[in-house]
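The structure appears below as C-alpha cells.
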C-alpha cells in the first residue's frame, strides 16, 4: 500500500514539474501535493495539542516541523530546476 501512495505522490509531484503538461494540470497537481502536506501537518498539530503528555507533544511537534521542512525542500528544488 505504501508503494501505491508513493507512486501517486511522486507522480503528482513530477506532473507539477513537467513542462510537457498543460498549466492547469500542473497547478492541480501542485495543489494536491500541498494538500497532502497540509493534511499531515494539521493532523500532527491537532494530536500535539490534544495529547496531554509533554514528550508526545514534543515528538509530534518535531514531526510537524519535519513535514514543513520537507515540503519547502521539495518545492525549492522544483523552483531551482526551472
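Whether any residue in segment 72-82 is assigned to a loop (DSSP other than H, G, I, E, B) and more than 15 Å from the chain's Cα centre (by Cα) is what I want to check.
Scanning segment 72-82 turns up at least one residue that is assigned to a loop (DSSP other than H, G, I, E, B) and more than 15 Å from the chain's Cα centre (by Cα).
Return yes when residue 67 is modelled with pLDDT of 85 or more and either surrounded by fewer than 15 Cβ atoms within 10 Å (Cβ to Cβ) or touching a helix residue (DSSP H, G or I) at 6+ places or on another chain (Cβ under 8 Å) (or both) and no when it is not.
The answer is no for residue 67.
Does segment 29-65 hold any residues that are within 18 Å of residue 76 (Cα to Cα) and more than 11 Å from the chain's Cα centre (by Cα), and which are they?
Within segment 29-65, 29, 65 qualify.
Test of understanding: among 30, 38, which residue is assigned to a helix (DSSP H, G or I) and either in contact with a strand residue (DSSP E or B) (Cβ under 6 Å, 6 or more places away or on another chain) or surrounded by 15 or more Cβ atoms within 10 Å (Cβ to Cβ) (or both)?
Of the residues listed, the single one that is assigned to a helix (DSSP H, G or I) and either in contact with a strand residue (DSSP E or B) (Cβ under 6 Å, 6 or more places away or on another chain) or surrounded by 15 or more Cβ atoms within 10 Å (Cβ to Cβ) (or both) is 30.
The values are calculated or read from the model by the stated rules, or taken from the named source; none is laboratory data. Remember, it's a predicted structure, so these values are computed and weren't measured experimentally. When we count neighbours, we look across all protein chains shown, and the Cβ atoms used for this are built from the backbone with ideal geometry, even at glycine.
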